[in-house]
1. For the stretch A:221-255 and the stretch B:4-74, compute the distance between their C-alpha centroids and round to whole Å.
2. Count, for each residue of A:68-75, the Cβ atoms from other chains sitting within 10 Å of its Cβ, then give me the mean as a whole number.
3. When the expected Rg is taken as 2.2 N^0.38 Å, what fraction or multiple of it is the alpha-carbon Rg of the stretch A:217-261?
4. Evaluate the stretch B:5-85: find the radius of gyration of its Cα atoms, find its Kirkwood radius, and give the ratio Rg to Rh.
5. What does the structure give for A:32-40 when I average, per residue, the other chain Cβ atoms found within 10 Å of the residue Cβ?
6. Over 31 Å between C-alpha atoms is what I'm after, so list which of A:Lys175/A:Lys229; A:Lys191/B:Lys93; A:Lys175/A:Lys276 land there.
7. Give the aspartates and glutamates whose C-alpha is closer than 16 Å to that of A:Lys30, dropping any in the same chain fewer than 8 places away, or say none.
Amino acid sequence: MSFILRSTFALLAFAAAAGPQLATAQAPCKAPSADCIAVGDLQVSLSLGAGTRTNPVAGRDNIPLFVIPYLSYYGKRFFLESLEPGVTLYESDAHTFNLIATPGFDRVFFSRHDPQNILLPFAADAPSFGVQQEEQPIAVPAPHTTYLAGPEWLFRHRNFIGQVSALYEVTGRHKGYEVRAAASAPLIQSKQSLAINAGVTWKSAATVDYYYGVQDLYDPDSALSPFIKLSYALPLSERWTLVAFLHYEYLDSSIVDSPIVTDHEVVTGFAGFNFKVL
Amino acid sequence: MRPRVCTLAGDAATCNTTVHAEWRSPRNESLCLLIVDRPEVRRCWEDHQQGVYSVEVSFTEDLVVELRDPELDRVLASQAIAVIRQALLLRHKRRPPWNIF
């Protein structure tokens with residue numbers, strides 16, 4: 001049985017066991033909002049501001065963030081959130097089961113032109129040789145864009161939202177796995193909102209090796225990297241919202257021990273204004 | 001009279017439409033056509049057997065159109081344009097924290 005099928009059944013079984021304890025559902029959607037969208041509604045927005053994403057790869061510049069587009073469409077079953085398409089298998093106020101596809105994240109550190117790096121078009125790529133190891137230059141790899149696919153389970157309990165996804169690389173580059181788990185809770189819920197997210201990302205050895213391995217020199221294990229994120233929003237008008245976020249990820253030693261990695265963490269921050277186009 | 005129904009989709013709050021009203025009688029009539037609570041909308045006919053009237057209106061609740069005598073004392077006929085709000089089907093958005101927003 002394929003990984004996607006096995007992990008789908010595993011998540012369903014876990015949800016069935018844990019479901020009754022989580023059965024106090026979040027309030028149902030009653031109107032379009034930041035958390036609820038009308039079926040068939042296309043939302044397009046653009047965030048304009050200033051931010052950066054630090055780059056743990058040796059010899060690579062930090063990634064500036066100036067213009068961040070966002071697209072969201074939810075049909076009855078199909079949905080698309082920017083670069084992530086998916087299909088909803090089941091949805092209630094307490095639980096949602098989706099099948100999703102999502103781009104492999106780590107390529108953003110190697111290519112400025114990765115679709116997940118949204119920046120002004122004049123930014124140039126850094127050179128591909130940037131690491132010196134005992135006077136022998138090590139070629140920083142140029143990984144391809146990859147897509148991972150698999151099941152996703154979201155569960156809602158009052159204001160708390162948890163999500164778990166089990167993903168497999170389906171574009172044939174490394175055939176590795178990723179498991180993502182996170183929880184979010186609101187800290188401020190008034191005209192302005194402040195939410196905290198915390199979670200972990202587990203990457204299989206094959207995934208870590210594709211990005212951070214060095215042939216004949218470094219053969220990594222799997223990696224478990226935790227993160228925490230704060231997100232702030234203050235609507236200013238019907239179309240304009242002040243937005244800011246800070247995301248901190250602590251990289252597993254399996255990634256950091258790679259000779260092409262020089263930082264133990266990735267910090268992403270942005271502050272600006274979001275304009276609702278549609 | 002048309003339309004008979006105005007459907008509000010999504011988060012639309014107001015119906016904006018042109019009301020077409022038409023009356024006929026086998027004998028000459030003197031009467032006025034008006035819209036309830038819209039004093040600016042009134043059209044009167046004297047010794048006519050038929051009449052047609054069109055007017056652009058905006059409304060958020062059911063609109064009642066009446067035919068009355070010239071003194072506006074008696075209601076001879078009335079019809080309503082119903083406002084129906086289309087039920088929105090809503091879903092929770094995902095908002096995964098790995099994404100920027």
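1. 58 Å
2. 2
3. That ratio works out to 1.90.
4. Taking Rg over the Kirkwood Rh, I get 1.03.
5. Mean number of neighbouring Cβ atoms from other chains: 5.
6. Violating the 31 Å Cα-Cα cut-off are A:Lys175/A:Lys276.
7. Cα-Cα hits under 16 Å: A:Asp41, A:Glu91, A:Asp93, B:Asp11.
A short reminder: the numbers here are calculations on the coordinates, not readings from a lab. A quick note: this is a predicted structure, and the numbers were derived from the prediction, not measured. Heads up, the Cβs are rebuilt from the backbone with ideal geometry, glycines too, and the neighbour counts pull from every protein chain shown.
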